[in-house]
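Report on the structure given below.
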Amino acid sequence: MKYIFISGGVISGIGKGITTASLALLLKSSGYKVAPIKFENYLNLDAGTINPIEHGDVFLCEDGTEADMDIGTYEKFLDEDMGKDNFVTMGRIYKTVIDKERRFEYQGKDVSAIPFVTNEIIERIEHLGKTKQADIVLIELGGTVGEYQNVFYYESARQLALKKPGDVVHIHVSYVPTPSHLGEPKTKPTQLSVMILNSMGIQPDFIIARGEKPLDARRIDKFALYCNVKPENIISNPNVYHPYEVPLILNKQKLAEKVLKELNLEVRSPDITKWKKLVNKIHKKKDKTIQIAIVGKYFDSGDYELKDAYSSLFDALDHASWKLNISIDFRLISAEKVEKKGVSIIGNPDGIIVPIGWGERGAEGMIKTASYARVNKIPYLGLCYGMQLAVVAFARDVLGWPLANTTENDPKTEYDVVHLMPKQRKYMQKRAYGGTMRLGAWQAKIKRNTLAYKIYKKTIISERHRHRYEFNDKFAKEFEKAGLVISARSTVENLCEIIELNQKDHPFYFAVQGHPEYKSRPLNPHPVFVRFLKEALKNSFA
């Protein structure tokens, strides 16, 4: 088994995840079995309890693992499901070591960070490789070199290279800024970054230089001299129109072949024909632009507006738009602003989405949005919280229950149309929030002759879930009598999974309790998003 470590330098968010996924794609396309793993610095046991504004969209895996966005990147590039073995936090490492000490598994030894923490890290790497029967394990080290939080990850990389000489390659992804007042790329930040790596006993085999522009020969020669890396192993990775172009950029410089040579593996050329076709689709002139309004809770970060909290949703919409050869004009609308200023700020988009969310803040704005889309017959897609609040909106407007609500926001409401399930109530009483929701893949059975059946074209489906509140079935008859269609229920526990309106009453009013956005892939867009955009496209011509 071979190992590739990918570390980052100078700034966070430089693109280690995209680099890891791109190289994994190239190696897989060369006929090798690959397995990526992400090591995060934080002490949370997983990403499930982190505010999405703090660390971006929590990516939900098929097995229920709540992970970092990079795990979603791996899935999309490799078209493979990831899970608990592909994602590790420092908190989980520490907890495992402490739990083992408490169980006397170290037989009375003085448990120190080295080698016990580093052994645990290496064990996770080797376990993933064996479980996946991988030829090559790619290890993405979270954070930036020089941080105290990740020093044990780097020490593990050093130890594994000593343990398995010739089987380990280290790639350093670093930022090469081009200050506007100077007008040329500066190599010094990366030189210092590599110096820190050297001080930890690690000599990188490759440098991937991220920057606004491609590297020239002068900069490559500087890196080679001062960083002690072969010139041909200095890889230029400039900004591109879309991250899915990165495998093509790296492939032009024969990164996969060079890595295979360093690992003493048979050098093969990757077959990335399908990926090239995808990139051509992305760049192809689009037939039409449609406007999609997304009314969410997690766009605002101080004076800035971020998309990271809904990263998987934007990816899924992109995947579907490329299939239809249309472009999307996104309008990001704060649910709190809708709450305060009214639905007039939504305007007349071609489609409306209310995505995932938690808690009372902005919820009334989302409810008003669901009503606005229904009344004005604008194609509406509700995802998780967007489904629950569409139920609340219907109860208030159509059933005539103005105080209807979810018990998440009003525990004393008489019309608790969305409520906490008994199992979840036990967790909440213990303040056991992390990893206690309905998580991961759940199967559902779809009714025939429904919009859901037209979309999925089958009766048994599976979507990933991440929530603890559910549609309250005691009101199901009233809802259905008034025209709300419950078009899918879970095969276990018979829970409401999909609601919709009859297409005679509304062109597209569709909401799912699960998260189809987590299962969309660039080469295989999710049918829910494809159908939603088709209906929005029709609406744009109306």
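Every number here is computed from the coordinates shown, using simple stated rules; none is lab data. Bear in mind the structure is a predicted one, so any value in this text is a computation, not a measurement. Neighbour counts run over all protein chains shown; Cβ positions are idealised from the backbone, glycine included.
Just a few scattered comments:
- Computed log₁₀ I(q)/I(0) - Debye formula, equal Cα scatterers, no solvent, the chain, q 0.11, 0.13 Å⁻¹: -1.02, -1.29
- Listed residue pairs exceeding 30 Å between alpha carbons, taken from K337/K477; K33/K230; K276/K519; K38/K277; K474/K504; K130/K230: K337/K477; K130/K230
- Ordering of 14-21, 263-270 by packing is 14-21, 263-270, highest average first (other Cβ atoms within 10 Å, averaged per residue).
- DSSP beta bridge pairing in the chain, given as percent antiparallel to the nearest 5: 35
- Between region 1-32 and region 340-396, the alpha-carbon center distance in angstrom: 39
- Pairwise FRET efficiency - K457 versus D505, Cβ, R0 = 22 Å, nearest 0.05: 0.45
- What you get for the chain, charging only the Cβ of Lys and Arg (+1) and of Asp and Glu (-1), is a dipole of about 1260 debye around the Cα centre.
- Exposed-loop-free span, longest in the chain, where chymotrypsin sites (Phe, Trp or Tyr not before Pro) count as exposed if DSSP calls them loop and at most 13 other C-beta atoms lie within 10 Å: 242-432
- Taking 0.36 nm per residue of separation and subtracting the Cα-Cα distance, full extension of the segment from T49 to K109 would add 18.2 nm.
- Selected from Q107, G64, P52, residue furthest toward positive end of dipole (region 49-115; charges at beta carbon): Q107
- Computed helical MRE - 222 nm, the chain, DSSP H runs ≥ 4 contributing -39500 (n - 2.57), nearest 500: -11000 deg cm²/dmol
- Note on L162 and S327: the extension gain reaches 54.4 nm, defined as 0.36 nm multiplied by sequence separation minus the Cα-Cα distance.
- A DSSP coil position with no more than 12 other Cβ atoms inside 10 Å describes the following GluC sites (Glu not before Pro) in region 185-259: E212.
- Alpha carbon convex hull of region 2-279, projected area averaged over orientations, nm²: 15.3
- Distance from region 170-216 to region 73-125 (C-alpha centre basis), Å: 30
- Dipole orientation for region 2-279: of the candidates L182, I125, I18, L182 has the Cα lying most toward the positive pole (charges on Cβ; Lys, Arg +1; Asp, Glu -1).
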